[in-house]
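Worksheet: the structure to be examined is printed underneath.
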Amino acid sequence: MQSVLKNIKFRNVAPAIFIMAICLSCVKEIPIDENYQSSQIILNGMFSPEDSVLNIYTTETKEIVGYEKSFAKVSGAEVHLYQDGNDLGTLSYDDSYEGESVNGSRYVMSNVDFSVDSKYSVKVVHPSMGTAMATTEIPASVEIKSIELKSEYIRLEEEEETMNAMVAYVTFSDPSGENNYYQVAGGYYEFAQKYEKDFNINGWDSIGYAKDSFNVYRKRFYDVYKQIDPLIVDNSDDMFGGNDNMFLIFNDDLIDGKTYTLRFVITNYWNRSQLDTAAGEYFQVHFVLRSITEDLFKYYASAESFYWNDGELFAEPVQVFSNVDNGVGILSSYIDGADDYLYGSGRRDDGTYFLNWY
């Protein structure tokens, strides 16, 4: 009986010992040279025709993951700006910026006259890391044709009841026969209400507002989007696997050459009927539709995917898009089309309107 038990135990243990032996035989120690510090240049910059100053941010990255000097600032480099192949000069290294931001070192050129019809390249030459270069071309502007505001009864996902909300309709025409890329890049809404005094001290209240003054409340759009247009949702599903599309980007695959109206629920607790426009109250919407390059579109899309998949056990690694040769990063350009909707006479510059962000 003892011999049978020994045979059973050996048959159970033997496979485990065999597997351990195979695993141990596959382990190989690879020495790491601590002095190996080969780096690549990280180059980042973005500009538009409205800019007259070009800022280029440079850092360095290490091939050894976790090396303590990864993303160190890059100094001692020559940074050149080219327009259609012509060298416009060397950017100046900004000493005052060193150590103040995670963006890295900053190189600056002032009095630049950017043109929509030109290609711009930035070349970074470093004595130990070599040369990195990137090129971009400013896209054509797409103007907003109209902005309309409507009060509609809607039901938001996070609310249980139907409510009266302010909905913005932004109409634009997409150029036909070309690939266009867009971003809802900014804007705000603001409204003014006549100030209600609680304490009257010779016509002024205890915190310094005059009797006939107005509180102006402003909020940026990216803080208040409650529902976004289906066109942007569709892009989100296609590009990000159902993620949020945090950069609010979209392309013209579904609207090439068409006039399209974007719809946004911008606030669910305000109604124009509450405004006394005769007394100086108003409601204003400032909307920015940004035309971006294909490279910036891909960069935002990949950055979004990286954000949502970072740390996921079973997710495939995401490579963030780069258009920098012999380096990493993004050089891009954009141009804004902006328009305003104003209900009422707007803010007067007479010292009675006090702006507040919320």
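The values are calculated or read from the model by the stated rules, or taken from the named source; none is laboratory data. Just so it is clear, the structure is predicted and the values come from calculations on it, not from any experiment. Cβ coordinates were reconstructed from backbone atoms using ideal geometry, including for glycine residues, and neighbour counts include every protein chain displayed.
Against the numbered list (1) at pLDDT 80 or above; (2) under 29 Å from TYR120 (Cα atoms), LEU254 comes up short only at (2).
Could you list, ordered by first residue, the pairs with Cβ atoms under 6 Å in which the first is in the range 257-274 and modelled with pLDDT under 70 and the second is not hydrophobic (A, V, I, L, M, F, W, C) and not in a loop (DSSP other than H, G, I, E, B), at least 6 apart or interchain? Final answer for the pair search is ASN271/SER151; ASN271/ASN164; ARG272/TYR343. Among the criteria (1) modelled with pLDDT under 85; (2) touching a Gly at 6+ places or on another chain (Cβ under 7 Å), the one ASP234 does not fulfil is (2). Here TYR181 meets each of (1) touching an Asp or Glu at 6+ places or on another chain (Cβ under 8 Å); (2) of a type outside the set (S, T, N, Q); (3) at pLDDT below 85; (4) surrounded by 15 or more Cβ atoms within 10 Å (Cβ to Cβ) with one exception, condition (3).
For the range 129-139, the condition holds for no residue, the condition being that it is among the hydrophobic types (A, V, I, L, M, F, W, C) and within 19 Å of PRO230 (Cβ to Cβ). Counting residues in the range 308-316 that are buried (at least 16 other Cβ atoms within 10 Å of the Cβ) and modelled with pLDDT under 75 gives one or more.
Got at least one residue in the range 210-231 being surrounded by fewer than 18 Cβ atoms within 10 Å (Cβ to Cβ), touching a Lys or Arg at 6+ places or on another chain (Cβ under 7 Å) and at pLDDT below 85?
If we filter the range 210-231 for residues that are surrounded by fewer than 18 Cβ atoms within 10 Å (Cβ to Cβ), which is where we start, we get 210-212, 215, 217-220, 222-227, 230.
Next, only the ones that are touching a Lys or Arg at 6+ places or on another chain (Cβ under 7 Å) stay: 211.
Checking the rest, the ones that are also at pLDDT below 85 come to 211.
Among the residues of the range 210-231, at least one is surrounded by fewer than 18 Cβ atoms within 10 Å (Cβ to Cβ), touching a Lys or Arg at 6+ places or on another chain (Cβ under 7 Å) and at pLDDT below 85, which makes the answer yes.
Being crowded, with 18+ Cβ neighbours inside 10 Å, assigned to a loop (DSSP other than H, G, I, E, B) and not acidic (Asp, Glu) holds for only one residue in SER291, SER322, SER333, and it is SER322. Here ALA301 meets the list (1) among the hydrophobic types (A, V, I, L, M, F, W, C); (2) part of a loop (DSSP other than H, G, I, E, B); (3) modelled with pLDDT of 80 or more almost entirely, failing just condition (2).
Take the residues of the range 111-155 that are assigned to a loop (DSSP other than H, G, I, E, B) and over 19 Å from GLY85 (Cα atoms): which is modelled with the lowest pLDDT? Result: ARG155. The set of residues from the range 73-107 being modelled with pLDDT under 80 and surrounded by fewer than 17 Cβ atoms within 10 Å (Cβ to Cβ) comprises GLU98, GLY99, GLU100, SER101, VAL102, ASN103.
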